[in-house]
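The values are calculated or read from the model by the stated rules, or taken from the named source; none is laboratory data. Keep in mind that what you see is a predicted model, and the values were worked out from it rather than measured. Glycine also receives a Cβ, built like all others from the backbone with ideal geometry; neighbour counts cover every protein chain displayed.
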Amino acid sequence: GQVKQAIALLEQVVETGHQVQVPHHNSQLKYQRSLAIMYKANGQTKEAVELLERVLEHQPNIPGPPHAGRLALRQELASAYQSVGQIEKAAALLEHIAKIRRARPTPEEP
């Protein structure tokens, strides 16, 4: 259905992006992340894990407090790990996310 069509379109966008821009450009990483989410929704969890790992590896480290998008990406990867039975990796990643979130100031703090 529609998920398979979305996957086909995103695969074309990602492939075209590899040909016309830097492979790890921010917009290219966003398309790859979207494709990974669609893979997971379609039950292609192994492909989702591989793609999310690559996106996380190449996503820029933004100085300062942890970037919300990077944390969300890690959470998606943890969910994908869980889906393929890599529970230890999922747990370690979720513990890392929780540690970062605990260290963040709450909205009431300056």
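Data table
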read-out	value
Segment 72-83, subset in contact (Cβ under 8 Å) with a residue 24 or more places away in the chain and under 9 Å from the mean Cα position of the chain (by Cα), residue surrounded by the fewest Cβ atoms within 10 Å (Cβ to Cβ)	73
Residue that is farthest from residue 74 (Cα to Cα), among those in segment 24-43 that are outside any helix (DSSP H, G or I) and touching a residue at least 24 places away in the same chain (Cβ under 8 Å)	42
Residue count, segment 1-23 (criterion: touching a helix residue (DSSP H, G or I) at 6+ places or on another chain (Cβ under 6 Å) and in contact (Cβ under 8 Å) with a residue 24 or more places away in the chain)	4
Qualifying residue in segment 57-79 (condition: among the hydroxyl-bearing types (Ser, Thr, Tyr) and modelled with pLDDT of 95 or more)	yes
